[in-house]
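What follows is a single structure, and I will ask about it in a moment.
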Amino acid sequence: MNPLQVFVTDMNVGFSQNRDGAMFSPRVAALVPPTAEFIRSLPAGSKVVFVSDCHQPGDAEHRRFPVHCVDGSGDEKVHPDLIKACEESGIGYVVIYKSEHDVFAGTEQPGAFWHPFRKPADAGLVRKHIVNSGDEWVVIGCVTDICIDINVASLTQRGKRVTVVRNLIDTYDLPLSTCRELGLPDAAAHDPEEVNQFWFSHRFPVTWGARVVGDWRELV
């Protein structure tokens, strides 16, 4: 396997470890062991870029989703097993915090998409480690149809060639019955199997032109 640039989306404590968190998902938690295994398999010279939700009071995303991954809570931190995998394997990594789904929002030219709570340091990291880095990226993490999708789109729209790895990406489960118990509209129901089927068979390869592989071992 040649050295890879790996873009890891939202594999943080709030989504994958803190079971009391508003947006913890067992499906995301299940991604941690194979993701750590994949990181440990990376050849020398590879780089891992972790992007992770980190919100301030008033962030726009909290008008659409429950409050989650608040700055300073610890939930915004990358799952420690993944950091450990990088450090024990000698794989270089950087953590970039984002206040919206798209890590690129507000990082290149302030304007319509500039977010008032965006940290300038993180904007600089995006430019240095993603925009001005190599053209080939492997994208893994969560959530298939939100943060994975929008960042795959942003990468390809910047001329990057993207590979998504099916067994290292997943999304959350929200049954219709649960929506109704919570007083949510039926439209909020979220079947992860249906979502994944559509995104991996159509949206990633057709809409965004990404390569799809079923297992990270196919990257060899």
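The values are calculated or read from the model by the stated rules, or taken from the named source; none is laboratory data. Quantities reported herein were computed from a predicted structural model and do not represent experimental measurements. All Cβ positions, even for glycine, are placed from backbone atoms using ideal geometry, and neighbour counts span all protein chains on display.
Is there any pair with a first residue in the range 144-168 that is under 12 Å from Val212 (Cβ atoms) and a second that is crowded, with 18+ Cβ neighbours inside 10 Å and acidic (Asp, Glu) whose Cβ atoms are under 7 Å apart and which are 6 or more apart or on different chains, and what are they?
Final answer for the pair search is Thr144/Asp170.
A further question on this structure: Every residue in the range 1-25 that is in contact (Cβ under 8 Å) with a residue 60 or more places away in the chain and more than 13 Å from the chain's Cα centre (by Cα), please.
Correct list: Met1, Leu4, Gln5, Gln17, Met23, Ser25.
Specify which of the listed residues (Ala30, Ala105) is surrounded by fewer than 21 Cβ atoms within 10 Å (Cβ to Cβ), more than 24 Å from Arg166 (Cα to Cα), among the hydrophobic types (A, V, I, L, M, F, W, C) and under 16 Å from the mean Cα position of the chain (by Cα).
Only one candidate qualifies: Ala105.
Could you give me the residue pairs with C-beta distances under 6 Å whose first residue belongs to the range 77-94 and is buried (at least 17 other Cβ atoms within 10 Å of the Cβ), whose second residue is assigned to a loop (DSSP other than H, G, I, E, B) wherever it lies, and which are 6+ apart or on separate chains?
Every condition considered, the pairs that remain are His79/Met11; His79/Gln17; Leu82/Met11; Ile91/Leu42; Ile91/Ser46.
Also, I was wondering about something else. Which numbered condition in (1) within 11 Å of Ile91 (Cβ to Cβ); (2) crowded, with 22+ Cβ neighbours inside 10 Å is the only one that Thr35 fails?
Single failed check for Thr35: (1).
Any residue at all in the range 161-178 that's of a type in the set (Val, Ile, Thr) and more than 16 Å from Pro205 (Cβ to Cβ)?
Yes, the range 161-178 has at least one match.
So, one more: Condition first: within 15 Å of Gly72 (Cα to Cα) and either modelled with pLDDT of 85 or more or of a type in the set (Val, Ile, Thr) (or both). Now tell me which residues in the range 96-122 satisfy that.
Of everything in the range 96-122, those that are within 15 Å of Gly72 (Cα to Cα) and either modelled with pLDDT of 85 or more or of a type in the set (Val, Ile, Thr) (or both) turn out to be Ile96, Tyr97, Lys98, Ser99.
Consider Pro205 against the criteria (1) touching a residue at least 12 places away in the same chain (Cβ under 8 Å); (2) within 19 Å of Asn151 (Cα to Cα); (3) not β-branched (Val, Ile, Thr): it satisfies all of them except one. Which criterion is unmet?
(1)
Among all residue pairs at least 6 apart or on different chains, which show Cβ distances below 7 Å where the first residue, located in the range 122-134, is farther than 16 Å from Gly106 by Cα and the second is surrounded by 15 or more Cβ atoms within 10 Å (Cβ to Cβ) and among the polar types (S, T, N, Q)?
From the range 122-134, the pairs are Ser133/Gln5; Gly134/Gln5.
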